[in-house]
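Trainee: Sharing a structure below in structure tokens format, with a few things to ask.
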Amino acid sequence: MWWDERVSARFRRNLQPTLTYWSVFFSFGLCIAFLGPTLLDLRCQTQSSLSQITWVFFSQQFCLLLGSCLGGVFKRTLAQSLLALFASSLAISLVFAIIPLCHNVVVLAVVMAVAGLAMGCIDTISNMQLVKIYQKDSAIFLQALHFFVGFGALLSPLIADPFLSDTNCILSNSTANASSNLPHIRKSLVPHHPGNLSHYDLPMKGMVVTRVSYAFWIMALINLPVPIAVFFLLYKERMVPCFNGSSHPLLSADELALETRPGDKDELSSAGHRPPAAAAGHDDLFSCCQSKNFRGASYTYFAVHVTGALVLFMTDGIVGEYSGFVYSYAVEEPLSVVHKVAGYLPSLFWGFITLGRLISIPVSYRMKPATMVFINVVGVLITFLLLLIFSSSVVFLFVGTASLGLFLSSTFPSMLAYTEDILQYKGCATTVLVTGAGIGEMVLQLLVGSIIHDRGSYSFLVCGMIFGCLAFTFYALLVFFHRMYPKPSAELDEASPDKAAVPEDTGQYQR
């Protein structure tokens, strides 16, 4: 096997919880990408204007950010984390099943807000739990976790495509005129966000003829095994209230790490006597901000959190703005790509993000997270530079889109693993980084949209170049603060030949 026996043994002992967290992230990906392709059919279903239906995007993204901030609240015990994941994954299946019944745009926005909250909780809790289980070995498992997001994001548009309307889905006197615009509008709706659709006048009243409901019901069924898997893990851990015959104390947060080195057990047993700044790891955003957690912390402690979050603010923001506007950029001058051909660009972007995350799984075992992040941000910067230089080349636009997908694919899990390593798993890195990434994706997409509207399509690449430069700058600052961050006083050398062998059954996740 391409990893060593120690990591392999740890994975085998944690096989069920690891697969469960991966499957929950598949639910996240399944839910994040369906809205764009189905937006016109949903607009027909709710008989709303295009400007009204686009608020559904905002409700999902805003509540996803809110859910990411609140997700850390449920991490205090393993039972709370698993119950939150069960409720969130089940909520996503229910959302898919309920969407066909939403015939009012406000009701649809509320339902998508619930989906956003569930996705935010999944994002924070799954990342936290994998970091707690694997700690120094978490990078490879985080790469696999985020691969499942890309896989789900690819699958949901494919499921929806056969059920999308080829002509206008509201029959009225103006149907003929509206139908001629529909193919162009539909290609404008990419997996994350719609472009500027306000100048298309489609009928709002008439008989609704859409089959998109079948797509949502299929996705609800496909997602249903995920909450079942989480429930099975809860049952196996005797955490289901109506089935647990005997009461067992839950493992503490620090004890969720599978393997402990000699001397770690003593530290774990005295975890309750640690200073607040050291023992408050992985709290929710509000707990992290309590003043008691800042006592005795150096300024580099805060600097690592802030710079790490800013790197993801930029890189995840690039993912949102590029997937949202690459089609609009391609169809306008000077490229003037045919609409049908330009429609493949967002799919190409997400396809290479998924491929990159798959490749990063074995690579992350051989390469340090800091090195991977460096390659990612430099690759993004160079790709945008070449896109600006060859801005009139259609071929290079496709090549650059694939390249951006590869370089952006592993940025989030690598940055998370790197930052947690710096803080020795005692800070609030997971919550802060997830929140920063969510804010970046929401804010930069809105910012770039307004700039393109005022300055033209070429500003799309200019903004990407600026964001890439800022991401590299913040990464350089993170490396600088890493060198200044105080090292633990008694840290065993991982490569030392004197390191004692880890007992096979020590510190298992399963009871």
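Trainee: Taking the Cβ-Cβ separation of residue 480 and residue 136 as r and a Förster radius of 30 Å, what is the calculated FRET efficiency to the nearest 0.05?
Mentor: Once the sixth-power term is evaluated, E becomes 0.85.
Trainee: Once the whole set of protein chains is in place, how much accessible area is left on residue 469, using a 1.4 Å probe, in Å² to the nearest 10?
Mentor: 60 Å²
Trainee: Which part of the range 82-98 falls in the paramagnetic zone of residue 235, meaning amide N under 17 Å from the point 7 Å along Cα-to-beta-carbon?
Mentor: Backbone N within reach: 82-83, 86-87, 90.
Trainee: Multiply the residue separation of residue 16 and residue 228 by 0.36 nm, subtract the distance between their alpha-carbon atoms, and state the gained length in nm to one decimal.
Mentor: My answer for the length gained is 75.1 nm.
Trainee: Something else now. Can you tally the net charge around residue 86? Count Lys and Arg as +1, Asp and Glu as -1, for every other residue whose Cβ sits under 14 Å from the Cβ of residue 86.
Mentor: Residues close to residue 86 contribute a combined charge of 0.
Trainee: Once amide H atoms are placed 1.01 Å from N in the peptide plane, what residues at a sequence separation of 5 or more from residue 332, or on another chain, have their amide H within under 5 Å of its amide H?
Mentor: 337
The values are calculated or read from the model by the stated rules, or taken from the named source; none is laboratory data. Given the structure is predicted, the values throughout are model-derived calculations rather than measurements. Virtual Cβ from ideal backbone geometry, glycine too; neighbours counted across all protein chains shown. Accessible surface areas use protein heavy atoms only, side chains included; no ligands, DNA or RNA. Shrake-Rupley method; radii C 1.70, N 1.55, O 1.52, S 1.80 Å.
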